[in-house]
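Chemist: This is the structure I want to talk about, given as structure tokens.
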Amino acid sequence: MVLTSQQITNFNVFRVRLATSLRKMYDREANPHIRLMLGHVLRNVVLLPIHFREGHYLSANESGVTFGENVKRSFIEESNGMRVPHLESAIRVPSEHLFKGNNLNPAGVMTLLHEYSHIVLPTTAYRYTKRIGLPYHMADELFADLLAVRIANRTSIPKRHIQSHIIRRQANYGGYPFARAVIEGRRTVERELPVPRRQTAPREERPRNFIEIPVKRAEGTPFLPHLRRR
């Protein structure tokens with residue numbers, strides 16, 4: 001067993017608190033594009049299994065060190081004579097990077113937030129990525145970083161660990177001043193992802209439950225059913 005019983009308890013407490021914070025962020029967010037993305041991150045926190053690996057990192061080579069992965073597997077399942085496509089996701093993270101003793105390591109938490117933030121992006125995210133001079137394929141990493149930092153700032157993670165994560169991630173963006181823009185607090189994303197104008201008055205209805213999408217789930221982490229919105 002990779003984790004101790006105390007580490008499992010502390011991790012589950014962290015997940016519940018993180019899901020609660022994300023629910024509040026989702027409910028209060030006015031920008032529909034960002035609100036959609038926060039909803040997907042919340043869904044990941046509640047549903048995605050975590051596969052813990054021994055050691056301080058997953059892999060290392062001349063390109064750098066990998067501390068976490070969001071892995072996806074697609075497959076086809078036969079059901080009532082129909083071929084139904086499925087997509088499974090899981091997060092891999094080294095236990096000694098996520099924990100210091102029995103307590104969560106802030107640097108490892110930042111890695112985990114980044115992996116949780118790998119989501120299906122709206123088209124506006126790709127337009128924003130192109131507008132700032134980055135190639136389309138960088139949108140996934142860019143918004144995983146932006147969302148992770150946004151969420152971390154609403155948690156108890158010390159600012160120095162958030163800034164350390166931002167500076168470490170700068171190497172992925174070449175000449176684009178990612179670290180400076182984020183640390184200086186420029187809210188360019190909100191300007192580039194504007195709230196669309198409504199032609200009619202908004203309907204008074206409860207938001208749809210974005211957590212009820214069927215997902216095949218591997219064993220390893222609890223489901224937290226009490227966080228589902230009925």
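Chemist: How do the strands (runs of 3 or more DSSP E) wholly within region 1-95 filter down when requiring 3 or more residues that are out of contact with any Leu (no Cβ under 7 Å at 6 or more places or on another chain): which remain?
Modeler: Ranges flagged: 50-53, 59-61, 69-79, 82-94.
Chemist: Hey, could you check region 114-137 for residues that are of a type in the set (Gly, Ala, Ser) and not in a helix (DSSP H, G or I) and say which is modelled with the highest pLDDT?
Modeler: Of everything passing the filter in region 114-137, 117 is modelled with the highest pLDDT.
Chemist: Give the residues of region 65-79 that are at pLDDT below 80 and of a type outside the set (D, E, K, R), sorted by residue number.
Modeler: 74, 75, 76, 79
Chemist: Have a look at 111, 124, 155 and point out the one that is farther than 18 Å from residue 12 by Cα and β-branched (Val, Ile, Thr).
Modeler: Testing whether each residue is farther than 18 Å from residue 12 by Cα and β-branched (Val, Ile, Thr) leaves just 124.
Chemist: Here is a follow-up. Just checking, does region 107-127 include any residue being out of contact with any strand residue (DSSP E or B) (no Cβ under 7 Å at 6 or more places or on another chain), of a type in the set (Val, Ile, Thr) and without any contact (Cβ under 8 Å) to a residue 60 or more places away in the chain?
Modeler: Yes, the conditions are met somewhere in region 107-127.
Chemist: Also, quick follow-up: Which of the residues that make up region 1-16 are within 20 Å of residue 47 (Cα to Cα) and either exposed (fewer than 12 other Cβ atoms within 10 Å of the Cβ) or of a type in the set (Gly, Ala, Ser) (or both)?
Modeler: Selection gives 13 alone.
Chemist: Another one. Going by the structure shown, is residue 154 free of Cβ contacts under 8 Å to residues at least 60 places away in the same chain, charged (D, E, K, R) and surrounded by fewer than 18 Cβ atoms within 10 Å (Cβ to Cβ)?
Modeler: no
Chemist: I would also like to ask the following. Would you tally the residues in region 108-128 being touching a helix residue (DSSP H, G or I) at 6+ places or on another chain (Cβ under 9 Å), surrounded by fewer than 22 Cβ atoms within 10 Å (Cβ to Cβ) and among the polar types (S, T, N, Q)?
Modeler: 1
Chemist: Is it true that residue 85 is farther than 28 Å from residue 24 by Cβ and modelled with pLDDT of 90 or more?
Modeler: no
Chemist: Restrict the check to region 54-63 and report whether at least one residue is crowded, with 18+ Cβ neighbours inside 10 Å, out of contact with any Gly (no Cβ under 7 Å at 6 or more places or on another chain) and in contact (Cβ under 8 Å) with a residue 12 or more places away in the chain.
Modeler: Within region 54-63, not a single residue is crowded, with 18+ Cβ neighbours inside 10 Å, out of contact with any Gly (no Cβ under 7 Å at 6 or more places or on another chain) and in contact (Cβ under 8 Å) with a residue 12 or more places away in the chain.
Chemist: While we're looking at this one, here's another question. Quick one: what pairs do we get from region 29-40, first residue in contact (Cβ under 8 Å) with a residue 40 or more places away in the chain, second of a type in the set (Asp, Glu) and in a helix (DSSP H, G or I), C-beta under 8 Å, 6+ apart or different chains?
Modeler: 31/190; 34/190
The values are calculated or read from the model by the stated rules, or taken from the named source; none is laboratory data. Quick caveat, the model's predicted, so the values are computed rather than measured. So basically every Cβ, Gly included, is an ideal-geometry build from the backbone, and we count neighbours across all protein chains shown.
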